[in-house]
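This report concerns only the one structure given below.
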Amino acid sequence: MSQFIYLTFDGLSRGAVYAAFALALVLIWRAARIVNFAQGAMAVAAVYAGYSVTTATGSYWLGFVTALVAGLVLGVVVERVVMRFVDHSSPLNGVVVALGLVLVIQGVLGIIYGSEFQPVETPFSRDAFEVGGIAVLSRYDLFVFAAVGAVVVLLTLLFTRTAVGLRMRAAAFAPDVSRLLGVSVGGMLTLGWALAAAVGSLAGMLVVPTELGLHPTAMDVVFISAFTAAVVGGLDSPIGAVTGGLVVGLLLSYVSGYVEPTVAPMAVLLLLVVVLLGKPGGLFSSSKARVA
């Protein structure tokens, strides 16, 4: 029982990080109706910016804010300079460009910072509290949960309670009609990319300290798990992204603890296949959205 409790809390901790990154994928999907495969590389670039500021000033929080701002700026630049000129008549075009962007960003980061893993400090202790002799959550885990929860609430309010969120969704679903109604489709797309990149940067700041460290490819494995989480929950649902992230985190923890760590990625793949076969739109999608 003690092992189960430990694996559960460990899975929830890992799943919260996946949920944060899945939220970035959901946000860009809602704004532009594409899956940004460069999201991980963009997040790493923003984290490097924050890491540089933290190293120079000794302030984690100044670096934290810098990473979020860098993510916003990078999102704007990528949309304005690259993605805006991609022919979106075929979804594959955007995927190919995004994958090429991954190689460019990782190559530039490797040239500037090198290929060695850089340790990244956390603002709170990662030593877990013990309850009845069983390690549960740490202060850093609680910080991650609070940050992800705040992002979920803010995104939900944005898309359900504000005119800006409605315009963003309208611009993604029906750009021509939106233009006739006076919506700045280009501006909404830029805003969507900027917000998604900022959320991705937040996820990067949360996950990098829990991995081996900062590296140009540090988010590659995380992206796979987060993409699975987004698809499982539904690419159009922030709540689904969080649920999917927690499910993936728990699955990885249980399989690694009870079976074998090397089997865990296969379990995630199996989960993805099962969901795609049973409910392609995700667990939180509606039948109407799937038909569309």
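Here is how the number arises for the chain: DSSP H runs of 4 or more residues each give -39500 (n - 2.57), the sum is divided by the residue count, and the result at 222 nm is -24000 deg cm²/dmol.
So, by mean Cβ neighbours within 10 angstrom, what's the order for 145-154, 241-250, 212-221 with the highest one leading?
For the peptides 145-154, 241-250, 212-221, the packing ranking is 241-250, 212-221, 145-154.
3J(HN,Hα) couplings calculated from phi for the stretch 66-77 with the Karplus curve 6.51 cos²θ - 1.76 cosθ + 1.60 (θ = phi - 60°) are, in sequence order, 4, 4, 5, 5, 4, x, 4, 5, 5, x, 5, 5 Hz; Gly and Pro show x. Calculated on C-alpha atoms, the gyration radius of the chain divided by its Kirkwood radius gives an Rg/Rh of 0.97.
Compactness of the stretch 127-228 was expressed as the Cα radius of gyration divided by 2.2 N^0.38 Å, which yields 1.45. Calculated on the alpha-carbon coordinates, the convex hull of the stretch 1-120 measures out at 146 cubic angstrom per residue.
Excluding the sites themselves, what is the longest stretch of the chain that contains no GluC sites (Glu not before Pro) in a DSSP loop with at most 13 other C-beta atoms within 10 Å? Each step should come with its number before you reach the end.
Values: sites that count: 116, 121.
The reported range is 122-292.
3J(HN,Hα) along the stretch 87-95, derived from phi through the Karplus expression 6.51 cos²θ - 1.76 cosθ + 1.60 where θ = phi - 60°, amounts to 6, 9, 5, 10, x, 5, 4, x, 5 Hz, with x in place of Gly and Pro. The 1.4 Å probe gives accessible areas that order 188, 42, 266, largest first, as 266, 188, 42.
When the accessible area of the chain is split by element with a 1.4 Å probe, what percent falls to carbon and sulfur? Walk me through the numbers on the way to the answer.
Values: 9640 of 13820 Å².
Solvent-exposed carbon and sulfur of the chain make up 70 percent of the total.
Working value for the stretch 77-189: equivalent-ellipsoid semi-axes of 38, 26, 11 Å, each the square root of 5 times a Cα gyration tensor eigenvalue, largest first.
Across the stretch 115-124, rounded Karplus estimates of 3J(HN,Hα) from the backbone phi angles (6.51 cos²θ - 1.76 cosθ + 1.60, θ = phi - 60°) give 10, 8, 6, 9, x, 10, 7, 10, x, 10 Hz, Gly and Pro being marked x.
With a ≥ b ≥ c taken as the square roots of the eigenvalues of the C-alpha gyration tensor of the stretch 1-66, please select rounded if a/c is under 1.5 and otherwise prolate if a/b is larger than b/c or oblate if it is not? Mind dumping the intermediate values first?
Details: a/c = 3.20, a/b = 1.18, b/c = 2.72.
Taking the square roots of the gyration eigenvalues as a ≥ b ≥ c, the stretch 1-66 is oblate.
State whether the stretch 167-292 is rounded, prolate or oblate according to the following rule on the C-alpha gyration tensor (a ≥ b ≥ c being the square roots of its eigenvalues): a/c under 1.5 gives rounded; otherwise a/b larger than b/c gives prolate, and the remaining case gives oblate. Oblate shape, in that a/c is at least 1.5 and b/c is the bigger or equal ratio.
The values are calculated or read from the model by the stated rules, or taken from the named source; none is laboratory data. Everything quoted here is computed from the prediction, not taken from an experiment. So basically every Cβ, Gly included, is an ideal-geometry build from the backbone, and we count neighbours across all protein chains shown. Remember, those area values only see protein heavy atoms, side chains included, never the ligands or the DNA or RNA. Shrake-Rupley method; radii C 1.70, N 1.55, O 1.52, S 1.80 Å.
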